[in-house]
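Below: the structure, in structure tokens.
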Amino acid sequence: MKPGKQGKDRHTELGLKEEDLLGMYRCMLLARFCDERQWSLNRQGKAPFVIPVSGHEGAQVGSAWAFERGKDIFCPYYRDMALVLVAGFTVYDVFLGLFGKADDPSSGGRQMPAHWGSKARNIITGSSPISTQVLHAAGLALSKKIKHEDAIVGTWFGEGGTSEGDWHGAMNFAGIHALPLIFVCENNQYAISVHESRQVAGRVYKRAKGYGFPGVVGDGNNILECYKLTKEAVDRARAGEGPTLIELRTYRYYSHTSDDDDRTYRPSAEVQEWKRKDPIPRFERYLKSVDVLDDSVIEEVRGATKVEVTEAAKTAEAADFPDPSTAAKNVFGDIEVV
Amino acid sequence: MTVKNVVQAVHDTLHEAMMLDERVLVLGEDVGARGGVFRATMGFLDDFGPERVIDTPLDECLIAGLSIGLALDDMRPVAEIQFADFIYPAFNQIVSEAARIRYRSNGDFGVPMVIRAPYGGGVHGALYHSQSIEALFAHVPGLKVVAPSTPYDVKGMLIHAIEDPDPVLFLEHKKTYRLIKGEVPDDRFTVPFGVAEVRRQGDDLTCVAYGLMWHLCLEAAERLAGEGIEIEVIDLRSIYPLDMDTVLQSVGKTGKVMVVHEDNKFLGLGAEISAQIGEQALSELDCPVVRIAPPHVPAMPYSPTLEHWYLPDADRLEQEMRELASY
């Protein structure tokens, strides 16, 4: 089957235009190449700490694409590089954060890399303790509801995050108040080293039922499926029909962070098996099947994107570090502590 | 000017704040239909409706985390933790999140929220309805911690807290709720944070306290005046920011200092005040700083004899003051 540009193909059914597909593809590639670059910078001793995204690009870009940028609110977790690229981060921003530079939009070099945040892009600042952002998302969604604003809130976390009390508290409250809130679980089956079977009793998506709202599960490496499930949830939330829990099943290709070694807990055959399900080649096959891209254009786009990423990393590396005299600023809004 | 007790001042000030600014809302356990277990939000549900008077599930972590989200969207949440003793499930949200959000975002985000928490003992509340939590939280940069204990200060500081750009832990001593009465101006006014109040002038000894304790110190000081001993009593009102200027000025006058609090002695506020006096005014001291505070036991026990053993009272303070003044 090859419906072509005139045919009724999957993305058209979902309301996605060709420019959406290209935008989604670009964000996936940017994330993947940024990740590869940051690991090589880590090995060169130029980036002390790396939190990888590879493998999650389909889940992140597909789910984030269903939100309205400039209006809706994103409460991500540290794995969400591809997501924040959708939400308005540039690759230069990503590398500023990686190097801890003064212009890092998330924190001005105060937080570890990948602790995303930017008021201008509606990305709420995050921390390292797991699932704390899920309660902030509930508060933001409550605020939007009280103010009768059209905006909705999305929050992302791993399956490990669903063990925290914060997560259950937010699910409970969102259910009670029918909040305009989408819970997106990027289930990569490992919370650092602990397998899902030791983390989650039952299934993640089924937990929503206990809190009185829908839970759905999908293939996190199928970007269009991730988009579809999230778009349906977003439409329901915007219509005042309350929250949804979406479980997107995926896999991370690297260790948890650059300080972890996944060979101590994951069989390499399993990693290889999941690499065959890589969301990026899979989307490329789709794009070819509907005549949006062909092999030569794909090669061209990949090459140009890699160059773009390398250049951004170089520019960010040359950017200024924060001035130590500013390190005690912004503790309080109205008190200088030093 | 109206005479009120402390909890009436809390109630009326919150009510006025909600009338004036629709971004202000209250949330917590039993704040709605019940009007709060101490009646601090009595009648609010009828006056402002369930969207601004939110009975939350029994989940302190949620109360704090939700408040952060509301504040991030420019609301002005005033959360009630039913008893300060129950605040620990919210510790991570307050300490790791609320307190650090401005700093970690380099000023991009701020969290203007207030957490009200009835604290303190002397009400037969035992281990879990008597605790003083100020040292735990005042240790955390990014949090403001205040403990007003007159109806006047409660009004002025609660208005200030709601207008403050940062998270404020607003501690209300539950024994003062109905015990302490005073005149409160009907007009709107604020009492700034970080400004202590000298409640009684004296040349012989500086007594530094806050909450219920300064009221007891004042009672003891008045008794000693009959013996010709003049005690200066300072009510800190604000734990962080801390007004050391007023304390140091008084130390310069008296040369003797007693710090009194209900919170545990070890690493309590008295330790910080003593250290700062040592750093900045050692030569002014005639004798070591004395700290009157409970011993290193987990919390106030229940039985009247045990509670009395734990908590300083005016008799004991009088005796300690007399002893120190004659040093």
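Efficiency by 1/(1 + (r/R0)^6): what FRET value for residue B:198 and residue A:206, r their Cβ-Cβ distance, R0 = 56 Å, to the nearest 0.05?
Details: r = 62 Å, r/R0 = 1.12.
So, using R0 = 56 Å, E works out to roughly 0.35.
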Seminar exercise, completed: Once the in-chain neighbours fewer than 8 apart are removed, the lysines whose Cα is under 20 Å from residue B:265 read B:256
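How would B:272, B:22 line up from fewest to most surrounding beta-carbon atoms within 10 angstrom?
On the way: B:272 18, B:22 13.
Least crowded to most crowded, the residues run B:22, B:272.
With an 8 Å cut-off on Cα pairs and a minimum separation of 6 or more residues, tell me the relative contact order of the range B:2-184 in percent. Mind dumping the intermediate values first?
Details: 382 pairs, mean separation 49.8, N = 183.
Relative contact order, the range B:2-184: 27 percent.
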For this session: Please work out how much length the chain gains when fully extended from residue B:74 to residue B:267, using 0.36 nm per residue of separation minus the C-alpha to C-alpha distance, in nm with one decimal.
Result: 65.9 nm
Exercise. Can you work out D for chain B in µm² s⁻¹ from Stokes-Einstein, where Rh is the Kirkwood radius over C-alpha pairs, the temperature is 4 °C and the viscosity is 1.567 mPa s?
Worked result: 65 µm²/s
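Could you calculate the contour length gain from residue B:19 to residue B:127, that is, 0.36 nm times the residue separation minus the distance between their Cα atoms, to one decimal place in nm?
Values: separation 108, 0.36 × 108 = 38.88 nm, distance 3.71 nm.
Here the segment from residue B:19 to residue B:127 would lengthen by 35.2 nm.
Given a Förster radius of 56 Å and the C-beta distance between residue A:103 and residue B:322 as r, what FRET efficiency does 1/(1 + (r/R0)^6) yield to the nearest 0.05?
Numbers: r = 62 Å, r/R0 = 1.11.
Approximately 0.35, to the nearest 0.05.
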Problem set entry | Hypothetical label at residue A:311: residues of the range A:92-106 whose amide nitrogen lies under 14 Å (7 Å Cα-Cβ projection) | A:92
For this session: Take chain A, connect every pair of alpha-carbon atoms lying under 10 Å apart with a spring to form a Gaussian network, then pick out the residue of A:203, A:236, A:249 with the largest mean-square fluctuation.
Result: A:203
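Over 24 Å between C-alpha atoms is what I'm after, so list which of A:147/B:144; A:8/A:288; A:8/A:228; A:8/A:231; A:17/A:288; A:228/A:288 land there.
Numbers: A:147/B:144 28 Å; A:8/A:288 15 Å; A:8/A:228 16 Å; A:8/A:231 19 Å; A:17/A:288 15 Å; A:228/A:288 20 Å.
Beyond 24 Å between Cα atoms: A:147/B:144.
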For this session: Using label points projected 7 Å from each Cα along Cα→Cβ, tell me how many nm separate residue B:253 and residue A:275, to one decimal.
Result: 7.7 nm
Exercise. Of the residues B:236, B:143, B:171, which exhibits the maximal mean-square fluctuation in a Gaussian network model of chain B defined by a 10 Å Cα contact cut-off?
Worked result: B:143
Problem set entry | Rel. contact order, % - alpha carbon contacts under 8 angstrom, at least six apart, chain A | 23 percent
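Report the far tail of the P(r) of the range A:10-319, meaning the percent of Cα-Cα pairs longer than 23 Å.
On the way: 25730 of 47895 pairs.
So the pairs more than 23 Å apart make up 54 percent of the total in the range A:10-319.
Could you tell me what % of all Cα pairs in the range A:241-292 have separations over 14 Å? Before the final figure, lay out the partial values.
Numbers: 894 of 1326 pairs.
Every Cα pair in the range A:241-292 considered, those over 14 Å come to 67 percent.
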For this session: Describe numerically, in nm with one decimal, the distance between label points set 7 Å from Cα along Cα→Cβ at residue A:216 and at residue A:18.
Result: 2.8 nm
For this session: In debye, nearest 20, what is the charge dipole magnitude of chain A about its Cα centre with +1 on Lys and Arg Cβ and -1 on Asp and Glu Cβ, if you could check?
Result: 700 debye
Exercise. Given only helices, namely DSSP H runs of n ≥ 4 each adding -39500 (n - 2.57), what is the per-residue ellipticity at 222 nm of the protein assembly as shown, to the nearest 500 deg cm²/dmol?
Worked result: -12000 deg cm²/dmol
Problem set entry | Stokes-Einstein D for the range A:170-297, Kirkwood Rh over Cα pairs, 20 °C, 1.002 mPa s (µm²/s) | 129 µm²/s
For this session: Please find, in a Gaussian network model of chain B (springs between Cα atoms separated by less than 10 Å), the residue of B:195, B:123, B:247 whose mean-square fluctuation is greatest.
Result: B:123
Exercise. Percentage of Cα-Cα pair distances in the protein assembly as shown greater than 35 Å, rounded to whole percent?
Worked result: 48 percent
Problem set entry | 14 Å beta-carbon shell around residue B:135, net charge (K/R +1, D/E -1) | -2
Exercise. Viscosity 1.567 mPa s, temperature 4 °C: Stokes-Einstein D of the range B:160-240 from its Kirkwood Cα radius, in µm² per second?
Worked result: 90 µm²/s
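Could you tell me the calculated FRET efficiency between residue B:303 and residue A:335, based on Cβ-Cβ distance and R0 = 60 angstrom, to the nearest 0.05?
Working: r = 43 Å, r/R0 = 0.72.
So the FRET efficiency works out to roughly 0.90.
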For this session: With a point put 7 Å past each Cα toward its Cβ, work out how far residue B:190 is from residue A:239 in nm, to one decimal.
Result: 4.6 nm
Seminar exercise, completed: Length-normalised contact order of chain B, Cα under 8 Å, at least 6 apart, in percent, tallies to 16 percent
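Bear in mind these aren't lab numbers, they're just calculated from the coordinates by the rules spelled out. Everything numeric here is computed off the predicted structure, so don't read it as measured data. Ideal geometry is used to build each Cβ from the backbone, glycine not excepted, and the neighbour counts take in all protein chains shown.
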